Amino acid sequence: MARVEGSTELWVDHLLNDSKIDLDYQSSHIKSIDDALHTASKKLNGKSGYPEYVGVVKDYLLMIEDKADISNHVYTDHDVITTDDPMVVPKYALNGELHYARHILERTSYKKCFAFGVSGNEKLHKITPMFINERGDYDVLPDVESFISFNA
């Protein structure tokens, strides 16, 4: 059976290429990031987990988690993005991305991250960037239409 997010991932790859951003797909060639991902499961069980795209631009960690359905963009509880529920984190783009970002920032020397939750497709979509600092605090930024503002 084909992955549901496949067409979303191809569209995101096209946006990254247009923005001249080179990220690794579901892995990382950077050893410290790859090591951190070995225990980053969104099911919160200590097993491996990988965002769709991850890499570094200048000294910023960049990562993208995508979902095919726009209804799976974000889940909040009292306006806080939930990252402690193993039933919620895998289902929503922003929740999964915040989980991955915090996990990597805690386990590597990287101190700041732009993480993107992407849901939908080329015609109907949301691309929401977040800035996450070394303490795991996050700011949800206004939605964007491309990644061009986040290249080198």
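Only the coordinates and a few stated rules stand behind these numbers; no lab work does. Bear in mind that the values here come from a model prediction, so they are computed numbers and not experimental data. Every residue, glycine as well, gets a Cβ built from its backbone with ideal geometry; the counts of neighbours run over all protein chains shown.
Taking only C-alpha pairs under 8 Å that are 6+ residues apart, what is the relative contact order of the chain in percent?
23
Which of the listed residues, 29, 74, 55, is farthest toward the dipole's positive end in the range 1-111, when Lys, Arg count +1 and Asp, Glu count -1 at the beta-carbon?
29
For the range 98-133 and the range 40-85, compute the distance between their C-alpha centroids and round to whole Å.
6
Given charges of +1 on the Cβ of Lys and Arg and -1 on the Cβ of Asp and Glu, with all other atoms neutral, how large is the dipole of the range 6-144 about its Cα centre, in debye to the nearest 20?
240
What does the charge add up to near residue 84, with Lys and Arg as +1, Asp and Glu as -1, over the other residues with Cβ less than 13 Å from its Cβ?
With Lys, Arg at +1 and Asp, Glu at -1, the net is +1.
Based on the Cα gyration tensor of the range 1-128, what are the three equivalent ellipsoid semi-axes, each the root of five times an eigenvalue, rounded to whole Å and given largest first?
Gyration-tensor ellipsoid for the range 1-128: 20, 19, 13 Å.
What ranking, highest mean first, results for peptides 115-127, 77-89 when packing means the other Cβ atoms within 10 Å averaged over each residue?
In decreasing order of mean packing, 115-127, 77-89 become 115-127, 77-89.
By the scheme Lys and Arg +1, Asp and Glu -1, what is the net charge of all other residues having a beta-carbon under 9 Å from that of residue 130?
My count for the surroundings of residue 130 gives -2.
Report the local net charge at residue 24: Lys and Arg +1, Asp and Glu -1, summed over other residues whose C-beta lies under 11 Å from its C-beta.
-3
Arranged by the count of other C-beta atoms within 10 angstrom, fewest first, what order do 141, 62 take?
141, 62
Take a quick pass over the range 44-118 and tell me how many lysine pairs come in under 23 angstrom between Cα atoms, counting only ones 8 or more apart or on separate chains.
5
Quick one: compute the contact order of the range 69-130, relative version, from alpha carbon pairs under 8 angstrom and 6+ residues apart, as a percent.
The value is 31 percent.
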